[in-house]
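One structure is given below, encoded as structure tokens.
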Amino acid sequence: MGAKKLGFGTMRLPVMPGMDYTHIDMNEFRRMADMFIERGFTYFDAAWMYHDGEAERALKKVLAERYPRDAYTVTTKMPTMMLSGPDDQVRYFETQLERTGLDYFDYYLAHNLNVDTYGECLKYGTLEYMRDLKSQGRIKHLGFSFHDSPEFLEMLLQKYPEMEYVQLQLNYLDWDNESIQSRKCYETARKYGKQIIVMEPVKGGTLANLTPEAEQILKAIHPDWSKASWAIRFAASLPGVMTVLSGMTTLEQMNDNTSYMQDFAPLTENEVEAVFKVRDIIIQSKAIPCTRCRYCVEANSCPMDIPIPDFFALYNTETMCSPNGWTQQWQYYSNMVSNGKGRASACISCHGCESVCPQHIQITEWLKKVSAIFEA
């Protein structure tokens, strides 16, 4: 991979107007990918469940069928949370190669390693299987994405020294969060000399949608910097960061991110101080720290078909908007239920969603609050 630190995450690709997230707008995706590559960036990140599998298929049409193999690098992931036997990992990997139209992956991760998923990986020899794939040349570089404690991360790095890099959730909002422990996980990975790939640098869009008070702090320093750029610059400024993933949805976002990451300069001490002031304001106003990764509804399908991330987004918007906005949020909620989605009150507290939530959100408890507002 080149020196440029921006990666194109495919979790939030543009979709066709009026369609659900499985209908990717391929023309827009092509334009975005072309701009990305033309400006000297190469790193594309995907996963088995992104856009219900369509993100990997889209990479075949946008990259494999249009560019020479050395023009880009592709990362995808073994869906550890979906394994039920050793044959699954073979099937997933071979299917991913077929979907993307590639002969090998530049980077391959065990997806979302935590205490729960590691038990399955241990049972089926998943990390050993991935290591064998690398020895065969079908994977060039090996690592894992991680959502757990720094203590557990240290155990993994001690046991699997062959892992070359770790993908971590790092952003200035979560830096000292006691649940996510971004700083401590980062410091642990660096202790073992691992390169870092950053995910959720903008916290699912949260750090691109600031209150006027928070935004003014940043504008006072750099009026022309976008709010999202501050978050990406923060993550990219950390020593040992190999690339920062941005789940870009529009050509405008692509143009903004590539413009300042082409010749990236780390944040100064005063600029870092400013983002932490913004963090403090957000913590006081944000209700549910959901990033809309959709693991709760895709990796471990909700038996009641509750669109948890969508309901949480409505709840957060409702809590931060004026009373004049409440009716509109209620209408969105009503539309989803009318289209066959489960109500928040339909939750049976199975806690399956919570077992895969990277943010460690108490989803069942928050659904009760969602229900109290939108079903009253």
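The values are calculated or read from the model by the stated rules, or taken from the named source; none is laboratory data. These numbers come from a predicted model, not from an experiment. We place every Cβ from the backbone using ideal geometry, glycine too, and count neighbours over all the protein chains shown. Heads up: the accessible areas ignore ligands, DNA and RNA and are worked out on the full protein's heavy atoms, side chains in. Shrake-Rupley method; radii C 1.70, N 1.55, O 1.52, S 1.80 Å.
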Within region 1-84, report the GluC sites (Glu not before Pro) that DSSP leaves as loop and that have at most 10 other Cβ atoms within 10 Å.
GLU65
Taking 0.36 nm per residue of separation and subtracting the Cα-Cα distance, what length does fully extending ASP280 through GLU252 add?
7.3 nm
Protein-only accessible surface order, largest first, of ASP106, ASP116, ASP305 at 1.4 Å
ASP116, ASP305, ASP106
Pulled fully out, how much extra length does the chain show between ASP116 and SER84, if you take 0.36 nm times their separation in residues and subtract their Cα-Cα distance?
10.2 nm
Computed [θ] at 222 nm, deg cm²/dmol, the chain (DSSP H ≥ 4; -39,500 (n - 2.57); rounded to nearest 500)
-13000 deg cm²/dmol
Between LYS61 and LYS369, with labels modelled 7 Å along Cα→Cβ, what's the label distance in nm to one decimal, could you check?
4.0 nm
Using label points projected 7 Å from each Cα along Cα→Cβ, tell me how many nm separate ALA71 and MET19, to one decimal.
2.3 nm
Which order do TRP230, TRP225 take when ranked by solvent-accessible area (1.4 Å probe, heavy atoms of all protein chains), largest first?
TRP225, TRP230
At a Förster distance of 22 Å, what's the computed FRET efficiency of THR319 paired with ARG31, Cβ-Cβ distance as r, to 0.05?
0.05
Using 0.36 nm per residue, how much length does the chain from GLU213 to GLU269 gain when fully extended, once their Cα-Cα distance is taken away?
18.1 nm
Over all directions, what mean area does the Cα convex hull of region 193-296 project, stated in square nanometres?
7.6 nm²
Pairs LYS159/LYS277; LYS61/LYS159; LYS203/LYS369; LYS140/LYS194; LYS203/LYS277; LYS203/LYS341: which are spaced more than 27 Å apart, C-alpha to C-alpha?
LYS159/LYS277; LYS61/LYS159
Of the accessible area of the chain, with the probe set at 1.4 angstrom, what percent is carbon plus sulfur?
49 percent
Accessible solvent surface per residue of region 184-296, calculated while the other protein chains remain in place, 1.4 angstrom probe, Å²
43 Å²
Highest mean first, how do 14-25, 192-203, 122-133 rank when packing is the count of other Cβ atoms within 10 Å averaged over residues?
192-203, 122-133, 14-25
Cβ crowding within 10 Å averaged over residues, with 292-298, 167-173 ranked highest first:
167-173, 292-298
Over the Cα atoms of the chain, how large are the radius of gyration and the largest Cα-Cα distance (Dmax), in Å?
20.2, 60
